[in-house]
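Have a look at the structure below, then the notes.
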Amino acid sequence: MKTILIMILLVAIVLGAGYLGLPVLIEKEAAVLKADIQDLKQKLQKIEEESKVAPLQHDSDTQKVINTVNAMYSKVVNLEDSFKKSASSIDETIKNQKATIEEALKKQAETVEKINKETESKLQKSMFNSLMANIRGHVLKVKVELVARNIGSAKNELSLIDESFEKAKTSASEENKKVFEELQGTLKKAKEDIDTDLPAASNRIDLLWHEMSKLLR
């Protein structure tokens, strides 16, 4: 059980790391694109400023300059378009990854909750069976004391059994509480019969033993 919980915890940690680390990696790639665009913009701005400060000479190849500027402008536009597409793709990737990781974490949480409930149920069942076994031990002692006609000892054991039933009812389900109340009814009648009708008391103890056996099935 511990191994399963550890594996689930490791998977949750890996998914969480991916969830937190993915945006950082994508942000780095986006930063590179932004830097490229900014660099080209600065170069274009420098060319424009230089053209204003130092006008072209008559013998300059005006068409070549125009073509160069146009080419750089085209690159800027293309990079901007590429950046917009990349940003859109990055956003979509982040959303998809986020949804996938959240779904995986949700399933892991459901699995852990299921295991916890199953473990709790098994623990309660084990504690219940242990309590029943202890009470049946006292019932067996009553049977032995009645055979030996040790009435005082038998009465003491019956009182211990009644106390155990009261403790058991505090943590029992509604269905089992009703069963315990019925068993206490049988126990009460056995205590009443023990002074006046020993065989009847013995029969009620046998009935009590039999009914408790049903609870352990």
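The values are calculated or read from the model by the stated rules, or taken from the named source; none is laboratory data. Only a predicted model underlies this, so the values are computations on that prediction, with no experimental measurement involved. Glycine also receives a Cβ, built like all others from the backbone with ideal geometry; neighbour counts cover every protein chain displayed. Note: accessible area is taken over every heavy atom of the protein model, side chains too, but ligands, DNA and RNA are not part of it. Shrake-Rupley method; radii C 1.70, N 1.55, O 1.52, S 1.80 Å.
What to note about this one:
- Summing +1 for each Lys or Arg and -1 for each Asp or Glu among the other residues whose beta-carbon sits under 11 angstrom from that of GLN108 gives -1.
- If the segment from ASP91 to GLU211 were pulled out straight at 0.36 nm per residue, it would be longer than the present Cα-Cα gap by 36.6 nm.
- The fraction of accessible area contributed by carbon and sulfur in the stretch 77-217 is 50 percent, rounded to a whole number (1.4 Å probe; ligands and nucleic acids excluded).
- Å² per residue, accessible surface of the stretch 67-177 at 1.4 Å: 68 Å²
- Solvent-accessible surface (1.4 Å probe) assigned to THR170 amounts to roughly 110 Å².
- Residue ranking by accessible heavy-atom surface, 1.4 Å probe, largest first, among GLU174, GLU102 comes out as GLU174, GLU102.
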